[in-house]
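To start, the structure itself, in structure tokens.
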Amino acid sequence: MAIAVNPTDTNITSTENEAPQTEAQALPQANPANPVGAESLGRGALPGLPEILQQPAVRKVFPIIIVVLTVAVFAISYLWMDSGSYRSVYPGMTETDRQAAFEALTSADFNAKIDTATGDLKVPTKKYHQARIFLASRGLPQGSTGGGINSLNDETSMTTSQFMEQVKYVSAMEQELARSISQIASIKSARVHLATTKESAFVRNRTPAKASVVVTPHSGRVVSSSQVEAIVHMVSSSVPHLDADSVVVVDQRGNLLTDANRVPGMQMSNVQIEHKRVLEETYRSRIDALLGPIVGESNLRAEVDVTMDFTQVETTFEEYDTNNTGPKARSESLTVNRDSGMEAKGVPGAMTNTAPPAAEVEVDGQNEPIKLPNQGEELNVRSSKTTRNYEIDRSVRHVKNQVGTVEKISVAVVVNEDLLIKEEITEPVSSASDDGGSDIENESPSNQLNKQEREARLALEVERLTTLVKGVVGFDEKRGDLVTVIATKFEPIREEDALKWYENQLVMDSIKSLALVLAFIAVVLAIIRPIVKSYLPALEGDDEDDDLKTKFKDGELSDEELELIELGDEESLEDIKAKLKPKKSTISADMLDTANTYDDKVALVRLLVAEDAGRVANVLKKMIRSAA
């Protein structure tokens with residue numbers, strides 16, 4: 001069988017009647033990758049996955065699909081690993097607060113989610129603290145706004161009993177007291193239980209109320225005794241007929257917090273211990289502030305013990321003549337009784353009591369009155385009485401001694417010895433021999449201070465520090481104060497164990513990211529690259545070189561191509577390849593694959609022969625040679 005190809009004719013002629021059969025047999029051999037053959041279509045069988053992957057359109061798109069899927073898988077893996085664990089922001093929030101907090105966190109891009117198992121609001125662990133600060137700035141959580149006194153505004157029916165109304169009122173009081181207790185900074189939540197009875201008009205039938213309070217402090221916080229006392233007084237003051245001794249406060253672990261406050265004198269003891277601790281801390285801080293710049297804070301340890309007297313003494317004094325001035329007269333009363341003269345004479349009777357007539361005064365020659373008998377005699381004193389009132393200095397003093405007086409101060413200070421004594425190093429002394437020999441280095445006996453000098457200097461430094469400490473604490477020898485300063489060697493401070501690398505969240509996140517990147521690179525190099533390389537066509541220049549080499553080997557160059565090469569002896573290889581470069585055909589392989597009928601395929605082959613008859617002839621020659 002011989003086939004002649006005419007470049008100027010679009011028909012393929014044959015010398016025998018076997019041309020249609022030859023063309024029909026040659027078409028499948030020319031395109032062995034065609035997944036949809038005439039025989040397969042005749043049987044109606046569906047193509048399998050290998051046949052689909054061998055289609056030209058799929059072969060072009062398949063590498064891109066592989067790359068996109070790989071990138072998507074690693075992106076999803078990275079997002080899943082980067083999300084990390086989630087942590088509940090505020091466990092136990094009410095539904096209202098949870099809804100408000102979820103909306104606030106979602107609007108701020110905190111990736112908040114609701115746990116389907118517990119219903120808690122959770123955020124990524126690395127954003128936990130930022131989320132809590134953000135919610136605090138928004139005033140969340142606010143606590144439940146329902147219940148309490150507001151529940152009394154709910155409508156009640158006419159059939160509601162008095163007992164139910166009383167229970168509702170007690171429940172409202174419990175909720176209000178719990179909210180008030182929860183306002184304390186160290187308390188996270190609280191519950192109050194009230195045991196009240198129906199009030200009676202008779203005092204003898206009145207039963208005192210009782211209350212129990214359960215408090216839950218925040219993590220790391222402790223409810224102090226003063227806060228417990230405040231809770232007790234607040235509850236007792238809010239409920240009628242409730243005594244403070246009938247209020248019990250318990251923490252979440254079941255510890256009774258009001259027991260210590262009920263013991264007589266224990267509450268005062270706690271105050272005294274706190275006052276003593278504050279005073280000791282004040283003295284210790286003074287010592288550290290004074291000696292710290294001298295020896296360094298890390299080379300100094302000081303402890304102070306203060307003995308205090310908390311006895312409360314009240315004294316009343318009453319004193320007289322405190323200035324030793326003697327008594328002072330306040331008032332004096334003098335009474336004197338005197339007799340005026342002669343005694344009474346004559347016969348008793350009426351005539352005796354009658355006054356004599358006026359007498360004429362006789363005068364002598366010197367015009368002086370004549371003295372009567374007994375006229376010149378002095379009067380006789382019968383009695384005298386004197387009354388004097390004296391006052392003595394008197395003072396009354398009421399003295400109330402101060403509570404918590406300092407009776408004794410004991411101070412112990414330890415200083416690093418190496419900081420007090422700085423060792424001196426002497427330089428070696430060189431001297432020449434008398435005969436001009438070599439120099440001999442006379443080293444000092446010791447590069448350090450000897451023991452006696454060291455101890456003397458150490459004692460001097462300790463004495464100086466002792467004087468400073470006595471001055472800063474107000475040393476009083478009469479009071480029995482004691483100050484002890486000792487210099488000794490300190491052990492080097494051991495650094496705290498650093499956080500292990502596998503416990504550091506930042507390191508673990510970096511390792512995860514690095515592992516993901518390495519895995520991505522390994523997958524690309526080991527899987528994706530061979531697949532893409534096998535499906536992507538080779539470079540155009542490489543294909544041309546391979547085709548040219550094959551044609552030279554097999555002798556498949558057409559006469560026209562040989563003439564082009566012969567005419568260009570002096571041309572370079574690039575020029576030859578440019579001449580031999582096939583023209584771009586308007587008929588693609590997809591057109592041949594999608595041709596439905598045999599006539600369509602024959603028409604396409606004729607068009608292809610018309611465009612490049614020489615190359616088609618070479619293909620046919622190769623097919624005939626391989627068949628032979």
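Identify the residue in region 185-210 that is of a type in the set (K, R) and under 30 Å from R221 (Cβ atoms) and, among all such residues, is surrounded by the fewest Cβ atoms within 10 Å (Cβ to Cβ).
K188
Taking the conditions exactly as written (closer than 24 Å to N270 by Cβ and surrounded by fewer than 12 Cβ atoms within 10 Å (Cβ to Cβ)), does S161 satisfy them or not?
no
Got at least one residue in region 165-188 being at pLDDT below 80 and either assigned to a helix (DSSP H, G or I) or more than 26 Å from D259 (Cβ to Cβ) (or both)?
no
Residues being more than 23 Å from the chain's Cα centre (by Cα) and modelled with pLDDT under 85: count how many of those fall in region 73-118.
16
Among the residues of region 76-113, write down those that are of a type in the set (G, A, S) and either touching a Lys or Arg at 6+ places or on another chain (Cβ under 8 Å) or surrounded by 12 or more Cβ atoms within 10 Å (Cβ to Cβ) (or both).
Across region 76-113, the qualifying residues are S77, S83, G84, S88, G92, A100, A101, A104, A108, A112.
Can you tell me which condition Q227 does not meet? The list is (1) part of a helix (DSSP H, G or I); (2) in contact with a helix residue (DSSP H, G or I) (Cβ under 7 Å, 6 or more places away or on another chain); (3) crowded, with 17+ Cβ neighbours inside 10 Å, and all the others hold.
For Q227, the exception is condition (2).
Only residues that are at pLDDT below 75 and aliphatic (A, V, I, L, M): list them for region 149-164, please.
Within region 149-164, I149, L152, M158 meet the criteria.
Only one of (1) at pLDDT 90 or above; (2) small (G, A, S); (3) touching a strand residue (DSSP E or B) at 6+ places or on another chain (Cβ under 7 Å) is not met by A230, so which one is it?
Answer for A230: the failing condition is (3).
Failed condition for L140, given (1) outside any helix (DSSP H, G or I); (2) modelled with pLDDT of 85 or more, with all others met?
That leaves (2) as the condition not met.
Looking at region 241-258, is at least one residue assigned to a helix (DSSP H, G or I) and of a type in the set (D, E)?
The answer is no, given that none of the residues of region 241-258 is assigned to a helix (DSSP H, G or I) and of a type in the set (D, E).
From the set of residues in region 400-420 that are surrounded by 14 or more Cβ atoms within 10 Å (Cβ to Cβ) and not hydrophobic (A, V, I, L, M, F, W, C), which is nearest to T315 (Cα to Cα)?
G404
Going by the structure shown, is L242 in contact with a Ser or Thr (Cβ under 7 Å, 6 or more places away or on another chain) and in contact (Cβ under 8 Å) with a residue 60 or more places away in the chain?
So L242 does not fit the description; no.
Would you confirm, using the coordinates I've provided, whether S237 is more than 27 Å from the chain's Cα centre (by Cα), farther than 28 Å from G92 by Cβ, surrounded by 13 or more Cβ atoms within 10 Å (Cβ to Cβ) and in the same structural domain as K168 (by the TED database)?
No: the conditions fail for S237.
Return the total of residues in region 287-341 being within 35 Å of the chain's Cα centre (by Cα) and polar (S, T, N, Q).
2
Return yes or no: is F134 at pLDDT 85 or above, part of a loop (DSSP other than H, G, I, E, B) and either in contact with a helix residue (DSSP H, G or I) (Cβ under 8 Å, 6 or more places away or on another chain) or buried (at least 16 other Cβ atoms within 10 Å of the Cβ) (or both)?
Against the criterion (at pLDDT 85 or above, part of a loop (DSSP other than H, G, I, E, B) and either in contact with a helix residue (DSSP H, G or I) (Cβ under 8 Å, 6 or more places away or on another chain) or buried (at least 16 other Cβ atoms within 10 Å of the Cβ) (or both)), F134 does not qualify.
Right, K512: more than 37 Å from the chain's Cα centre (by Cα), of a type outside the set (A, V, I, L, M, F, W, C) and surrounded by 11 or more Cβ atoms within 10 Å (Cβ to Cβ) or not?
no
The values are calculated or read from the model by the stated rules, or taken from the named source; none is laboratory data. This structure is a prediction, so every number in the text was calculated from the model and none was measured. Because the Cβ atoms are built from the backbone with ideal geometry, glycine has one as well, and the counts that use them run over all protein chains shown.
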